[in-house]
Amino acid sequence: TPLSHIRNFSIIAHIDHGKSTLADRLIQHTGTVALRDMKEQLLDNMELERERGITIKAQTVRLHYKAKDGEAYVLNLMDTPGHVDFAYEVSRSLAACEGSLLVVDASQGVEAQTLANVYQALDANHEIVPVLNKVDLPAAEPERVKQQIEDVIGLDASDAVEISAKTGLNIEGVLEAIVTRLPAPKGNPAATTKALLVDSWYDAYLGVVVLVRVKDGHLRKGQKVRMMSNGAVHTIEQVGVFTPKMVPVESLGPGEMGYVTAAIKTVADTNVGDTLTDDRNPATEPLPGFKPSIPVVWCGLYPVDADDFEKLRESLAKLRLNDSSFHYEAETSAALGFGYRCGFLGLLHLEIVQERLSREFDLDLIATAPSVVYKITKTNGETMDLHNPADMPDGSLIEEIQEPWIKATIMVPDDYLGAVLTLCNERRGQQVELTYVGSRAMAVYRLPLNEVVFDFYDRLKSVSRGYASFDYAMDGYEPGDLVKIGILVNAEPVDALSFMAHRSQAERRGRSICEKLKELIPRQLFKIPIQAAIGGRVIARETISALSKDVTAKCYGGDISRKRKLLEKQKEGKKRMRQFGKVEIPQSAFIAALKMD
Ligand code: GTP
């Protein structure tokens with residue numbers, strides 16, 4: 001296909017605005033998947049998706065479209081993940097395209113994530129076509145939303161495409177807009193080969209599959225290609241495209257997207273953002289790459305049952321195979337035994353991994369409090385990255401602690417603005433901007449990431465009754481007055497419960513966690529003191545009073561089956577407990593205790 005007849009595009013949207021539905025429609029409308037195969041194919045796709053780790057990975061589909069001008073076009077649709085945690089994956093997907101469809105729900109309007117995604121697309125020099133979806137809904141207000149797009153984003157929305165992805169209304173209009181309004185890719189077929197490594201994953205049959213976007217030259221079967229970042233050379237075994245099934249082709253030329261396999265052993269041997277070039281005729285300059293994805297949130301994961309450690313190790317290795325942004329390293333905790341310190345791109349990523357470990361790998365885990373990465377300068381001039389509060393050096397050895405900040409964009413209906421601002425202020429937020437978009441307020445805040453990782457998102461949803469939308473980007477490190485708060489249960493320090501906090505919040509958080517633990521730890525036959533301390537200084541204390549009665553006592557010895565049930569329930573509960581000295585702490589206490597109010 002000549003370059004002039006190729007379009008590479010992605011769809012950007014806020015969650016639930018209809019990105020997946022539109023993608024399905026485009027696939028269906030271009031006959032890429034015959035209607036009767038549609039269901040099966042899409043299920044196949046989901047299977048792949050599942051293997052590859054929820055929907056965090058980019059995917060691409062090649063569509064064939066005969067336009068109104070009578071010409072046949074190849075449209076490559078690049079899927080992008082929607083969530084803030086995967087901003088990095090979005091940026092690399094966008095770098096492989098020339099244009100974007102901006103899908104906005106015509107009944108909801110612009111949301112925080114819409115903005116974040118648009119800025120990324122503009123950074124990638126994309127041409128953007130606004131698409132107003134869900135115009136079939138009675139609540140749709142396309143004119144108002146167009147005005148919003150112009151006011152907030154500064155994008156001309158007068159010729160936005162109005163559609164219903166659900167009913168299939170005006171899908172043709174979207175396809176025509178892609179052909180007529182998005183630019184064709186540029187590239188030189190005669191030049192030396194340069195292809196961008198967009199993504200890679202492990203396939204049980206093919207080994208490592210590498211998703212590429214060819215900029216110049218060609219990729220062919222049998223060709224020796226070199227990875228410019230590390231000089232590794234591989235012989236291409238297969239090149240192909242996604243329809244969305246993987247279909248081998250002869251070669252991939254400039255402007256094209258597809259995959260190559262080359263007997264690469266592990267995903268770790270492929271660096272996303274790398275440039276593939278011809279080994280015999282190599283390029284001198286690589287394509288502009290990406291910044292590597294850096295985990296920003298860490299937590300410890302420990303098996304509830306120490307016998308499961310080996311299983312945990314294997315499961316983490318399997319997860320890592322297809323998720324190179326997930327990091328882990330062995331660690332031991334005095335309280336929890338052997339486990340792993342795991343690094344994530346953000347909180348959703350953490351939740352996804354935890355969820356998969358318990359669901360797919362059937363592991364019962366204790367997760368310690370999520371922590372951000374602090375940069376510590378010691379009095380002797382040494383610097384260290386602190387991933388685990390338990391490793392915090394003694395206060396007298398510390399010169400300075402720096403913590404990461406984010407820039408957050410929050411959009412919220414006016415009615416809830418007050419509550420949202422209060423929440424941001426409580427979390428040490430600094431207001432950068434406050435503007436209005438119709439009846440919705442847009443607040444831009446700088447916030448310490450530490451204040452966001454626990455439960456900011458939950459709190460935001462709850463104070464705004466679910467109406468606020470939120471997005472963020474990392475915004476550098478700054479010195480802060482931070483302290484480590486240790487928790488002692490029955491005078492024993494429980495390292496897994498220690499956490500970092502700003503000094504101004506230390507007492508309140510210490511008190512709140514002691515109160516919660518008091519409720520969460522079952523009463524036992526003796527009194528249990530619970531204390532929070534900074535260094536040797538106790539800042540909060542609660543006591544769990546002793547209990548001497550048998551739980552079955554309240555059954556009056558009468559109903560034996562009920563009694564047995566209770567005992568069984570108690571046994572079940574035991575499995576999810578962890579012994580600390582003389583005290584058993586339920587697994588739920590670890591997570592619940594660390595949530596802030
Ligand atoms: P994520 O995958 O979660 O990011 O969401 P998405 O943006 O891909 O949205 P999705 O396509 O899953 O659509 C979200 C919901 O909106 C689904 O329940 C769809 O059925 C519905 N929806 C999508 N398009 C339309 C439309 O044109 N009209 C109406 N009424 N509903 C739609």
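Can residue 90 be described as at pLDDT below 75 and either touching a helix residue (DSSP H, G or I) at 6+ places or on another chain (Cβ under 7 Å) or of a type in the set (A, V, I, L, M, F, W, C) (or both)?
For residue 90, the condition - at pLDDT below 75 and either touching a helix residue (DSSP H, G or I) at 6+ places or on another chain (Cβ under 7 Å) or of a type in the set (A, V, I, L, M, F, W, C) (or both) - is met.
Within segment 205-214, identify whether any single residue is in a loop (DSSP other than H, G, I, E, B) and of a type in the set (Phe, Trp, Tyr), and answer yes or no.
yes
Please determine, by comparing only the residues of segment 94-109 that are within 11 Å of the ligand (Cβ to nearest atom) and assigned to a loop (DSSP other than H, G, I, E, B), which one is nearest to residue 61 (Cα to Cα).
106
Just checking, how many residues over segment 12-26 are under 20 Å from residue 98 (Cβ atoms) and either open to solvent by less than 10 Å² (accessible area, probe 1.4 Å) or within 6 Å of the ligand (Cβ to nearest atom) (or both)?
Of the residues in that region, 5 qualify.
Can you pull out the residues in segment 462-490 that are part of a strand (DSSP E or B), open to solvent by 50 Å² or more (accessible area, probe 1.4 Å) and of a type in the set (Gly, Ala, Ser)?
Hit for segment 462-490 is 473, nothing else.
Working only within segment 437-451, note down all residues that are under 30 Å from residue 387 (Cα atoms), without any contact (Cβ under 8 Å) to a residue 60 or more places away in the chain and either among the charged types (D, E, K, R) or not in a strand (DSSP E or B) (or both).
446, 451
Report, by residue number, each residue of segment 94-141 that is among the acidic types (Asp, Glu), at pLDDT below 90 and open to solvent by 40 Å² or more (accessible area, probe 1.4 Å).
123
Restricting to segment 124-139, and then to whatever is within 28 Å of residue 408 (Cα to Cα) and touching a Leu at 6+ places or on another chain (Cβ under 8 Å), can you tell me which residue is nearest to the ligand (Cβ to nearest atom)?
Result: 133.
Would you list the helices (runs of 4 or more DSSP H) that sit entirely within segment 491-597 and hold 2 or more residues that are surrounded by fewer than 18 Cβ atoms within 10 Å (Cβ to Cβ) and at pLDDT below 85?
Fully inside segment 491-597 and qualifying: 560-575, 587-594.
Scan segment 495-524 and report the pairs whose first residue is touching a residue at least 60 places away in the same chain (Cβ under 8 Å) and within 18 Å of residue 300 (Cβ to Cβ) and whose second residue is in a helix (DSSP H, G or I) and among the β-branched types (Val, Ile, Thr), with Cβ atoms within less than 9 Å and a gap of 6+ or a chain change.
Pairs that qualify, where the first residue is touching a residue at least 60 places away in the same chain (Cβ under 8 Å) and within 18 Å of residue 300 (Cβ to Cβ) and the partner is in a helix (DSSP H, G or I) and among the β-branched types (Val, Ile, Thr), are 497/513; 499/513.
Before we move on, is residue 245 under 27 Å from residue 213 (Cβ atoms), open to solvent by 10 Å² or more (accessible area, probe 1.4 Å) and touching a helix residue (DSSP H, G or I) at 6+ places or on another chain (Cβ under 8 Å)?
Yes.
Could you check segment 244-337 for strands (runs of 3 or more DSSP E) lying wholly inside it with 1 or more residues that are polar (S, T, N, Q)?
257-261, 275-278, 327-333
Condition first: in a loop (DSSP other than H, G, I, E, B) and at pLDDT 55 or above. Now tell me which residues in segment 1-50 satisfy that.
Across segment 1-50, the qualifying residues are 1, 2, 14, 15, 16, 17, 18, 30, 31, 32, 33.
Looking at segment 311-320, can you tell me whether even one residue there is over 25 Å from residue 360 (Cα atoms) and surrounded by fewer than 15 Cβ atoms within 10 Å (Cβ to Cβ)?
No, segment 311-320 contains no residue that is over 25 Å from residue 360 (Cα atoms) and surrounded by fewer than 15 Cβ atoms within 10 Å (Cβ to Cβ).
How many residues does segment 171-220 hold that are small (Gly, Ala, Ser), closer than 30 Å to residue 319 by Cα and modelled with pLDDT of 90 or more?
1
Could you please let me know if residue 319 is more than 30 Å from residue 450 (Cβ to Cβ), in contact with a Lys or Arg (Cβ under 9 Å, 6 or more places away or on another chain) and in contact (Cβ under 8 Å) with a residue 40 or more places away in the chain?
no
Which condition number does residue 333 fail, the rest of (1) open to solvent by less than 40 Å² (accessible area, probe 1.4 Å); (2) more than 25 Å from residue 488 (Cβ to Cβ) being met?
(2)
For segment 242-256, name all the residues that are among the aliphatic types (A, V, I, L, M) and at pLDDT below 90.
246, 247
Scan segment 208-228 for residues that are surrounded by fewer than 16 Cβ atoms within 10 Å (Cβ to Cβ) and small (Gly, Ala, Ser) and jot them down.
Residue satisfying the conditions is 222 alone.
Scan segment 402-420 residue by residue and report those that are open to solvent by 10 Å² or more (accessible area, probe 1.4 Å), farther than 10 Å from residue 441 by Cα and not basic (Lys, Arg).
402, 405, 409, 418, 419
Can you find even one residue in segment 182-195 that is within 16 Å of the ligand (Cβ to nearest atom), among the basic types (Lys, Arg) and open to solvent by 10 Å² or more (accessible area, probe 1.4 Å)?
Checking segment 182-195: not a single residue is within 16 Å of the ligand (Cβ to nearest atom), among the basic types (Lys, Arg) and open to solvent by 10 Å² or more (accessible area, probe 1.4 Å).
Going by the conditions given, is residue 152 more than 16 Å from the ligand (Cβ to nearest atom), open to solvent by 10 Å² or more (accessible area, probe 1.4 Å), in contact with a helix residue (DSSP H, G or I) (Cβ under 8 Å, 6 or more places away or on another chain) and of a type outside the set (S, T, N, Q)?
yes
Name, by its number, the condition in (1) in contact with a His (Cβ under 9 Å, 6 or more places away or on another chain); (2) away from the ligand (no atom under 16 Å from the Cβ); (3) outside any strand (DSSP E or B) that does not hold for residue 225.
(3)
Can you name the residue in segment 155-178 that is open to solvent by 10 Å² or more (accessible area, probe 1.4 Å) and more than 16 Å from the ligand (Cβ to nearest atom) and is also farthest from residue 122 (Cα to Cα) among such residues?
Step by step, filter segment 155-178, then rank; the result is 176.
The values are calculated or read from the model by the stated rules, or taken from the named source; none is laboratory data. Predicted, not measured: the structure shown is a model, and the values here were computed from it. No Cβ is skipped: glycine too gets one built from the backbone with ideal geometry, and neighbour counts run over all protein chains shown. Accessible surface is based on the protein model in full, side chains and every heavy atom, while ligands, DNA and RNA are left aside. Shrake-Rupley method; radii C 1.70, N 1.55, O 1.52, S 1.80 Å.
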